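Trainee: This is the structure I want to talk about, given as structure tokens.
The values are calculated or read from the model by the stated rules, or taken from the named source; none is laboratory data. Note that this is a predicted model, so its numbers are computed, not measured. For neighbour counting, all protein chains shown are included, and Cβ atoms are generated from backbone atoms with ideal geometry for every residue, glycine included.
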């Protein structure tokens, strides 16, 4: 056993760091580090920079245009990107629909969609949850009826992240009401410009527009946009959720968040003394660092064990549970460090072009909203209660 | 021991719960939070008509001679309704300070005006670098003829933007002192802003603000125990407000568990969620007990006993409120994190209450320090 990075891995880290720190556009890095609101273009520009380097899809096999990197290399890459202040590569295209298209899609779908994902041409969003189907996703009702060479889709999806920017949506739809609910679900790729699609914003608890409801009214989808076989969508959906859960561990981003927390605790003062000198508060930081140290290694253990397998197993649920809890704790401590100065709400201060004076420290404005917003992390991608059910049933056999 | 409310207190509770249910609906409240001043002068007038603004003041200045238990009942109802009007800052904290420490002339001038809804006051005490340390004040008052000149900065002053007068703490040669300052006086700059829960607070800068000798509230150099006591009244009130919110969140969550169906049954049938709900209810009842203690001890003449009890309550209720707030959100799933449902608003208010007048860790520390003294 050796938990140290090999000389090759260290060299790889140096290479990644050199590239990311020199090629991340300075304005984007400043926004990310300052907790400012990111525009669609910020995500797309960064994706294009990575693609130009050949690093657009570090989690894909080489034959589809990925880097074919090991789990350790991907981890190093994500850590360096987070440290540098790169925007998160959104998972919907790269980590969610792409693995499904690679594993189950037609050659035509692979040839058309995958290059457009990796080069940043297409923005994807997710059409899974419905108002009546959250944890019990298989009860979904959005219906797709086959009419000639088309499906006609009717229904409503919700908790759709950043769909206001999307070119495409991947949807779970009901194509049959026979048998178990899981048996009548299909996986459809739908062009967001198709007539009959309406996107309505849902405002989050931080006042931001991040999620949407998406309504489908007689939306005609070419039958060639069905992935795999009709009524086999549930299998693909579970495969996809496994991939989503590994991303959710977010070790690299949490390490960057922890570093920011420590910086804040050095700057904020209590009766004139830095908060980092307050043992009660410092212990809280230390405690979450212990959790994160453990998760970093657990993450590598799980990902390495899965290297030979096609899809992440139920162990990914461990990563999701601990990863989301750690993200929430870091966000909470960042807010708590501010004391009274966590109270002001200045949404205008999240605009990178805002010329105003901050209230309190210049890093304060986004922190409380971030804490409120991050309550979502133990809810989305299968709530942590559902993850515990998965572990209880799939790993422990209970 | 007697845990019963008096007939008058029961009547007050009924009046308040009818008022909140009828006149303080969620949508009305949202509109108010977005308005220029962030609350309603009409509500304020109705509070005056209901006697709420006179509640904690002595009868000889037109008050109702209420105690901290009465204030607790008001704040509990205000928590449920997420009331935005600056009751805590004007009536409980600043009003309480004038009641306890003001001169006869100051009481006569200010308390009937507060009770009548004509005057808003705020305590401008905390400063940025001090965090929650009450004794740490850099604002200074220099003797100037028979009066004073004040200079310094006050941070996150609750209700500061709407206040006609400010109670400003400042150091003189004799120590911490309190001064009554007109909010529109030359040299006073007020930057009001919205808070995360839809309320209002302000940054207040004082630059050579001249006040007369009669502006001094309480003895020169004797303000610290007065400010501590006023903040303790405020903390007891915040504890009650938290309990009101926690009870409302418990009800909303219980209803959601009974009505939200997944896997062909109400999610409240799942034992993991049942136990979580039970833990929330236990946390709320424990918090309620501490809020009662805080209310009773807030009126204690023994300052050390009062301080210890108030810190115990603020720390404990902060912890329990965090649990109840976070779990109410979690059990509501996605619906718990959206702006359109009241759950996220109750959660945010609970979070901000913890961060106001010292968070759970700060008060745990103060309580813990008293263990050394024995």
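Trainee: Would you check if residue A:330 is part of a helix (DSSP H, G or I), surrounded by fewer than 23 Cβ atoms within 10 Å (Cβ to Cβ) and either within 11 Å of chain B (Cβ to nearest Cβ) or touching a helix residue (DSSP H, G or I) at 6+ places or on another chain (Cβ under 9 Å) (or both)?
Mentor: It is false that residue A:330 is part of a helix (DSSP H, G or I), surrounded by fewer than 23 Cβ atoms within 10 Å (Cβ to Cβ) and either within 11 Å of chain B (Cβ to nearest Cβ) or touching a helix residue (DSSP H, G or I) at 6+ places or on another chain (Cβ under 9 Å) (or both).
Trainee: Can you name the condition, by its number, that residue A:87 falls short on among (1) crowded, with 17+ Cβ neighbours inside 10 Å; (2) under 28 Å from residue A:348 (Cα atoms); (3) more than 15 Å from the chain's Cα centre (by Cα)?
Mentor: (3)
Trainee: So, in the range A:162-182, exactly how many residues are out of contact with any helix residue (DSSP H, G or I) (no Cβ under 7 Å at 6 or more places or on another chain) and either within 14 Å of chain B (Cβ to nearest Cβ) or modelled with pLDDT of 95 or more (or both)?
Mentor: Here the count works out to 9.
Trainee: Output the residues belonging to the range A:127-155 that are buried (at least 19 other Cβ atoms within 10 Å of the Cβ) and either on the phi > 0 side of the Ramachandran plot or in a strand (DSSP E or B) (or both).
Mentor: A:127, A:130, A:133, A:144, A:151, A:153, A:155
Trainee: Quick one: in the range B:308-336, of everything that is within 19 Å of the chain's Cα centre (by Cα) and surrounded by fewer than 22 Cβ atoms within 10 Å (Cβ to Cβ), which residue is nearest to the other protein chains (Cβ to nearest Cβ)?
Mentor: The extreme case among them is B:322.
Trainee: If you don't mind, there's one more thing I want to ask. Mind checking whether some residue in the range B:124-142 is farther than 28 Å from residue B:364 by Cα and within 14 Å of chain A (Cβ to nearest Cβ)?
Mentor: no
Trainee: Please count how many residues of the range B:98-115 are under 18 Å from the mean Cα position of the chain (by Cα) and more than 16 Å from residue B:225 (Cα to Cα).
Mentor: 2
Trainee: Give the residue, chosen from B:206, B:158, that is over 25 Å from residue A:366 (Cα atoms), touching a residue at least 12 places away in the same chain (Cβ under 8 Å) and surrounded by 17 or more Cβ atoms within 10 Å (Cβ to Cβ).
Mentor: B:206
Trainee: Within the range A:362-398, track down each residue that is closer than 17 Å to residue A:330 by Cα, more than 8 Å from chain B (Cβ to nearest Cβ) and in contact (Cβ under 8 Å) with a residue 40 or more places away in the chain.
Mentor: Across the range A:362-398, the qualifying residues are A:363, A:365, A:366, A:367, A:370, A:374, A:377.
Trainee: Based on what the data block shows, is residue A:97 in contact with a strand residue (DSSP E or B) (Cβ under 9 Å, 6 or more places away or on another chain), in a helix (DSSP H, G or I), buried (at least 19 other Cβ atoms within 10 Å of the Cβ) and at pLDDT 95 or above?
Mentor: Yes; evaluated as a whole, the condition is true for this residue.
Trainee: Being under 18 Å from residue A:207 (Cβ atoms) and at the interface with chain B (Cβ under 7 Å from one of its Cβ atoms) is the filter here, so list the residues in the range A:342-361 that pass it.
Mentor: Within the range A:342-361, A:342, A:343, A:344, A:345, A:346, A:359 meet the criteria.
Trainee: State whether the residues of the range B:261-281 include one that is within 21 Å of residue B:321 (Cβ to Cβ), surrounded by 19 or more Cβ atoms within 10 Å (Cβ to Cβ) and more than 14 Å from chain A (Cβ to nearest Cβ).
Mentor: Yes, the range B:261-281 contains a residue that is within 21 Å of residue B:321 (Cβ to Cβ), surrounded by 19 or more Cβ atoms within 10 Å (Cβ to Cβ) and more than 14 Å from chain A (Cβ to nearest Cβ).
Trainee: Take the range A:271-305 and flag every residue that is modelled with pLDDT under 95 and surrounded by 17 or more Cβ atoms within 10 Å (Cβ to Cβ).
Mentor: Those that are modelled with pLDDT under 95 and surrounded by 17 or more Cβ atoms within 10 Å (Cβ to Cβ): A:296, A:298, A:299, A:302, A:303.
Trainee: So which pairs qualify, if the first residue must be in the range A:280-309 and more than 14 Å from every other protein chain (Cβ to nearest Cβ) and farther than 21 Å from residue A:253 by Cβ, the second must be buried (at least 17 other Cβ atoms within 10 Å of the Cβ) and at pLDDT below 90, the Cβ gap must be under 8 Å, and the two must be at least 6 apart or on different chains?
Mentor: That search, which allows pairs on different chains as well, returns A:305/A:315; A:307/A:71.
Trainee: Go through the range B:110-208 and tell me which strands (runs of 3 or more DSSP E), entirely inside it, have 3 or more residues that are in contact with a helix residue (DSSP H, G or I) (Cβ under 7 Å, 6 or more places away or on another chain) and modelled with pLDDT under 95.
Mentor: Answer list for the range B:110-208: none.
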